[in-house]
1. Roughly how far apart, in whole Å, are the Cα centres of the stretch 196-248 and the stretch 65-118?
2. Among R313, R136, what is the fewest-to-most ranking by other Cβ atoms within 10 Å?
3. Would you please classify the overall shape of the stretch 254-364 from the alpha carbon gyration tensor, given that a ≥ b ≥ c denote the square roots of the eigenvalues, rounded means a/c under 1.5, and beyond that prolate means a/b larger than b/c while oblate covers the rest?
4. Rounded to the nearest 20 debye, what is the charge dipole size of the stretch 206-361 about its Cα centre when +1 sits on each Lys and Arg Cβ and -1 on each Asp and Glu Cβ?
5. Which option, [x] 37; [y] 55; [z] 41, is the value of percent of Cα pairs over 33 Å apart that was calculated from these coordinates?
6. Let's test the formula: R0 of 22 Å, r as the Cβ-Cβ distance of T192 and L153. What FRET efficiency results, to the nearest 0.05?
7. Debye sum, Cα scatterers, the stretch 215-281, no solvent: what log₁₀ I/I(0) at q = 0.15, 0.22, 0.26, 0.29 1/Å?
8. Would you calculate, for the chain, the mean residue ellipticity at 222 nm contributed by helices, counting each DSSP H stretch of 4 or more residues as -39,500 (n - 2.57) and dividing by all residues, to the nearest 500?
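Every number here is computed from the coordinates shown, using simple stated rules; none is lab data. The structure presented is a predicted model; accordingly, all values stated were derived computationally and were not measured. As a convention, Cβ positions derive from the backbone with ideal geometry for all residues, glycine included, and neighbour counts pool all protein chains shown.
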Amino acid sequence: MAKNEVWKKTRLMNNKNRLFLISFLLLLAIAAAVFFTKYRIVKYDENGKVRYRIEEISGTLKVLRDFAVRDTASIDKIFLADKQNNTILLERKSSFWTVNKDYIARRDFVDLLLETMLKIEVAAPVQQSKLDYVLRSLSTNSTKVEIYQKGKLTKTYYVGGTTQNNTGTYMILEGSNAPFEIHIPGFSGFLTTRYITSIYEWRDRMVFKYDVSDIRSVSLEFPQSPSQSFKAINLGNNRYELVALESGKRINNFDTLRVKEFIARYKNVGFESYLNYTDEYLKLDSILQTPILCQYTVEDAKGRKVVLKTYPRPNFKNTYDEEGNFYNNDVDRFYGVINNDVDLILLQYTYFDLLTKVLDDFRR
C-alpha cells in the first residue's frame, strides 16, 4: 500500500515537472520569438576583429537591409532628388528612357544605374562610433532615390557620402534608423556619382541619330569657303545626288560610293559634353558672333532637319606648333550649337574630321 502511494506521488511529481518544463520551454520560445522580432544579432568587422552587437529592428529585416532590386526589368520610373533641390525623373518608354520628360536620357547612364540597383549589397553596418556622424551627414547631404516598378513605388532610400577608404557608400532605407556601408562585390570604388542629379550628365549626347535609310540628305556649308559647300541627297534604291550649294547646280561626275559612305556616317553622331554649367557658357553670346566653321544639316525622310553650327574654341591650353608658334584656337576641340538652342556643346576634331568633307572630295 505504501509502495503504491509512493509510486503515485512520484508519478504525479514527474508529470508536474514535465508540465513545468514544457511550459518553461514554451515561454522561452515565445520570448525568443518576441526578442528576434524586435532585435537582431549583427556580426561586423572592427579593425580586423570580428564583433557582435544587438540591434533594434524598426520594421522587418528585409526593409532595413535589402537595398537591391532583383527585377530591374520591371523598373519603369526612377526619381532622384538632392538637398539642393536638383531633381531627376527617369521614365522608361518603349525603346528608350526620358529624363525630366523633355529630353532623351543617356542609355549608358541609365544602364549603369539599373546595374547598380541590382548588384548593391550591405558591406557592413556603420560602426557605433561613426553612427551619429553618418546619420547627420545623410540628413543634410544625401540624394533621395525612389524606385517604381510597374507604376508602383516599391523602394526608397538615401545615398550619402563615401566611407573613409573610398570602397563603400553610406545608404539608409526610408523609415529605418540604421545606415549601412553599401558596395558592389568585386567593384572597388564608391557609388555616389551613379546617383548624380545634374541634368546635363543625364541628357543624351547625340547630335544626329538615324537609321541610314531614314536620312534624306546631308548638307555641309562652309562660310569661309562657299565653293566647297554641298548637299548629298539619298534618292533611294541606291541612287544619290550631289549639289553644289553656292551655285545650286547638280554635280554630274561624282563618286557615288563616297557619297553613300559619307551619308551613312551620320546615323550616329555624338559629342563630348554640355558646357552649360561652365565658365565658357558665360561667353555664349560672343561665341555666336564668331565666324562659323561649318554648318551641318541632316534632313530625314519626313523633312525634319537637325542643324549643327560649329565655332572655334580658344586655345586655353596654350598649345604651340613644332616651330613654337602659338595656336589661336584649340586644335583638339571646338564648340557646337544644335538647332539654335541655348545649349553649348563640346566636340572633338578627331571624330568630326571623319565626318567633314568638301565638294572636291567627291568629284571624279
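1. Going from one Cα centre to the other spans 31 Å.
2. Working: R313 21, R136 10.
Ordered from fewest to most neighbouring Cβ atoms within 10 Å, R313, R136 come out as R136, R313.
3. On the way: a/c = 2.40, a/b = 1.33, b/c = 1.80.
The shape class here is oblate.
4. Working: 19 positive and 23 negative charges, 161 e Å.
It comes to approximately 780 debye.
5. [y]
6. Values: r = 22 Å, r/R0 = 1.02.
Once the sixth-power term is evaluated, E becomes 0.45.
7. Treating every Cα as an identical point scatterer, log10 I(q)/I(0) equals -0.59, -0.93, -1.15, -1.28.
8. Values: 8 runs with 88 residues, N = 364.
About -7500 deg cm²/dmol.
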